[in-house]
Amino acid sequence: MKHWIQAARLRTLPLSVSGIIVGSFYAMSQSLFNWKIVLFALSTTLGLQVLSNFANDYGDGIKGTDNEDRVGPKRAIQSGAISPTAMKKAMIITAVLTMISAMALIYFSFKDTNYVYSLFYLTLGALAVTSAIRYTVGNTAYGYRGYGDIFVFVFFGLVSTIGIYFMFSKSMENGYLLFLPASAIGLLSVGVLNLNNMRDEHSDRKVGKNTIVVKIGGAKAKIYHYFLVVTAMILVLIFAVLNDFHFDQYIFVVAYFPMISHLITVRKNKDPRNLDPELKKLAISTFLLSILLSLCLIFFLSDIIVNNS
């Protein structure tokens, strides 16, 4: 059980639900809420994250990408703690459970109406499951071609945040500004992936895993990383300004302090091995940002909407 928990990479889970939290609280601030939708949205997103982690362990393990040159904790297949066959079975089980959760989410969101929306979300769920697996598994794994950043931004940023809000509202008429924090969460999630790829640049280059970091090099990857994190911070600030946040609503900037500290550490870093602790710092900072921003939405934005209506 200990090895399976390690393979699930629990430290990545808070980051994966950040978009769900913001999208749900944004809907709640507009008096739209259903705990069943939130419950199954969380279970679906967590299932996708765990599936992605299992698939990453499996794909990199059987291809030899996870070897003695790799920096960071040893993976389950790499260490021999879990066999490739057992991991493959776990991927299948996780994929099935995730799709069951996704179907329950769709049912409680649309029930026997809006069949077009139901079909769209069902297709999106199947695509998400497939993409989580194909990141490192197979001869055409897109993670080996530098497209992992796009998957993370779309599914853990836009789809997670905007998708859950639409399930509540069935409309984007009052939710277009949500694209700002959704994009921010997506960029920060890409930042965590970029850190991982910066840490593993040397070993990835040797085995032909052409991540964006391998393609552009470590120096430019740092600049790319600054862009991801700083742009995310700016987008949330713009979201607050456009929503006429009061001074005390800017409590979410507390999450910016560990992010700034993180950027300073990345700038000064000379050894990629030292970046491993920064993954957790950025992931937790993103989760903290989502919590603080959500509290502002539920306690403050609802009053603004009522006053304007």
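Can you name every residue in region 1-14 that is open to solvent by less than 20 Å² (accessible area, probe 1.4 Å) and of a type outside the set (Gly, Ala, Ser)?
If the condition is that a residue be open to solvent by less than 20 Å² (accessible area, probe 1.4 Å) and of a type outside the set (Gly, Ala, Ser), then no residue fits.
Do the conditions hold for residue 306, that is, is it part of a helix (DSSP H, G or I) and at pLDDT below 85?
For residue 306, the condition - part of a helix (DSSP H, G or I) and at pLDDT below 85 - is met.
Please verify whether residue 265 is touching an Asp or Glu at 6+ places or on another chain (Cβ under 9 Å), in a helix (DSSP H, G or I) and without any contact (Cβ under 8 Å) to a residue 60 or more places away in the chain, treating the condition exactly as stated.
Yes; evaluated as a whole, the condition is true for this residue.
Determine, yes or no, whether residue 285 is more than 28 Å from residue 201 (Cα to Cα) and surrounded by 21 or more Cβ atoms within 10 Å (Cβ to Cβ).
no
Filter region 147-181 for residues that are part of a loop (DSSP other than H, G, I, E, B) and either open to solvent by less than 10 Å² (accessible area, probe 1.4 Å) or of a type in the set (Phe, Trp, Tyr) (or both); which is farthest from residue 289 (Cα to Cα)?
The selected residue is 147.
Which pairs have Cβ atoms under 6 Å, sit 6 or more apart or on different chains, and link a residue in region 78-89 that is farther than 12 Å from residue 4 by Cβ to one that is open to solvent by 60 Å² or more (accessible area, probe 1.4 Å) and part of a helix (DSSP H, G or I)?
Filtered contacts from region 78-89: 84/62.
Where residues in region 136-146 are in contact (Cβ under 8 Å) with a residue 60 or more places away in the chain and surrounded by fewer than 22 Cβ atoms within 10 Å (Cβ to Cβ), which of them is nearest to the chain's Cα centre (by Cα)?
Restricting to residues being in contact (Cβ under 8 Å) with a residue 60 or more places away in the chain and surrounded by fewer than 22 Cβ atoms within 10 Å (Cβ to Cβ), the top hit is 146.
Tally the residues that are within 20 Å of residue 158 (Cβ to Cβ) and either open to solvent by 70 Å² or more (accessible area, probe 1.4 Å) or in contact with a Lys or Arg (Cβ under 7 Å, 6 or more places away or on another chain) (or both), restricting the search to region 112-127.
Count: 6.
Could you tell me which numbered condition residue 256 fails, if it satisfies all but one of (1) within 16 Å of residue 225 (Cβ to Cβ); (2) at pLDDT below 95; (3) surrounded by fewer than 22 Cβ atoms within 10 Å (Cβ to Cβ)?
(2)
Residues to consider are 251, 234; find the one that is open to solvent by 60 Å² or more (accessible area, probe 1.4 Å), more than 13 Å from residue 198 (Cβ to Cβ), β-branched (Val, Ile, Thr) and modelled with pLDDT of 95 or more.
Exactly one residue qualifies, and that residue is 234.
Results for (1) modelled with pLDDT of 90 or more; (2) open to solvent by less than 20 Å² (accessible area, probe 1.4 Å); (3) of a type outside the set (Lys, Arg), shown as yes or no for each residue.
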residue: 26; (1), (2), (3): yes, yes, yes
residue: 31; (1), (2), (3): no, no, yes
residue: 39; (1), (2), (3): yes, no, yes
residue: 45; (1), (2), (3): yes, yes, yes
residue: 48; (1), (2), (3): yes, no, yes
residue: 55; (1), (2), (3): no, yes, yes
residue: 60; (1), (2), (3): no, yes, yes
residue: 65; (1), (2), (3): no, yes, yes
residue: 70; (1), (2), (3): no, no, no
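Sort out which residues of region 90-109 are open to solvent by 80 Å² or more (accessible area, probe 1.4 Å) and either of a type in the set (Phe, Trp, Tyr) or touching a residue at least 12 places away in the same chain (Cβ under 8 Å) (or both), and write them in order of number.
97, 103, 107
Can you tell me which of (1) at pLDDT below 90; (2) part of a helix (DSSP H, G or I) is the one residue 123 doesn't meet?
(1)
Within region 205-221, restricting attention to residues that are within 18 Å of residue 266 (Cβ to Cβ) and part of a helix (DSSP H, G or I), which residue is modelled with the lowest pLDDT?
Only one residue tops the list, namely 218.
The values are calculated or read from the model by the stated rules, or taken from the named source; none is laboratory data. Quick caveat: nothing in here was measured; it's all calculated off a predicted structure. Neighbour counts are summed over all protein chains in view; Cβ atoms, including those assigned to glycine, are modelled from backbone coordinates with ideal geometry. Note: accessible area is taken over every heavy atom of the protein model, side chains too, but ligands, DNA and RNA are not part of it. Shrake-Rupley method; radii C 1.70, N 1.55, O 1.52, S 1.80 Å.
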